[in-house]
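Student: Got a structure for you, questions after.
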Amino acid sequence: MLPHMPLYRLREAADLLGVSVDTVRRWADAGRLIRDPLAELRTHGAMLHMGRTFPMPDTVAPHRSALEETMLEGLRKEAAQLVRSLQAAGRDVEAAAVKREALRLDDSPEMRTALR
């Protein structure tokens, strides 16, 4: 969990905001609310790990590197967008935590560039 970032269940957030659970869910899907940013990045990391370590069907195996690069591009895009959003909201501590986690998952020059 990020420091200084309270986490609420959907029902709790809906009650606090005076809207329905479905509205909170739609807002989160649209990016208006952040669910758990580190959990999102860790999910990408787990998918990358699975793609790198588990056997693939013969029909997919020749495309392993392209699939991995697509997953990395998604991770970089999501991390950069999340860091920018947190910084714009003045949440520099949370942005720094997301950067650290993103670099732990992908310490490539491409990730470093995306996080600038």
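The numbers here are math on the coordinates, done by the rules we state, and not lab data. In this text, all values refer to a predicted model and were calculated from it rather than measured experimentally. Neighbour counts are summed over all protein chains in view; Cβ atoms, including those assigned to glycine, are modelled from backbone coordinates with ideal geometry.
Student: Could you tell me which residue out of HIS44, TYR8, MET56 lies farthest along the dipole of the chain toward its positive end? Charges go on the beta carbon: Lys and Arg +1, Asp and Glu -1, centred on the Cα centre.
Tutor: Working it through, the farthest residue towards the positive pole turns out to be TYR8.
Student: Moving on. Are there trypsin sites (Lys or Arg not before Pro) in region 13-97 that DSSP marks as loop and that have at most 10 other Cβ atoms within 10 Å, and which are they? Walk me through the intermediate numbers first.
Tutor: Values: sites: ARG25, ARG26, ARG32, ARG35, ARG42, ARG52, ARG64, ARG76, LYS77, ARG84, ARG91; in loops: ARG32, ARG35, ARG91.
In loop regions of region 13-97 (DSSP not H, G, I, E or B), the sparsely surrounded trypsin sites (Lys or Arg not before Pro) are ARG32.
Student: Roughly how large, in nm² to one decimal, is the mean projection of the convex hull of the alpha-carbon atoms in the chain? Write down the numbers at each step before the final one.
Tutor: Working: hull surface 34.3 nm².
Over all viewing directions, the chain projects a mean Cα-hull area of 8.6 nm².
Student: Here's something else I'd like to know. Work through the residues other than ARG42 whose Cβ is under 11 Å from its Cβ and net out their charges, Lys, Arg +1 and Asp, Glu -1.
Tutor: On the way: positive: ARG104; negative: ASP36, GLU40, GLU101.
Result for the neighbourhood of ARG42: -2.
Student: Next up: Using alpha-carbon pairs under 8 Å, 6+ residues apart, how would you state the relative contact order of the chain in percent?
Tutor: Numbers: 76 pairs, mean separation 30.3, N = 116.
In percent, rounded to a whole number, it is 26.
Student: On C-alpha positions alone, give me the angle between the axis of helix 64-88 and the longest principal axis of the chain, in degrees, nearest 10.
Tutor: 30
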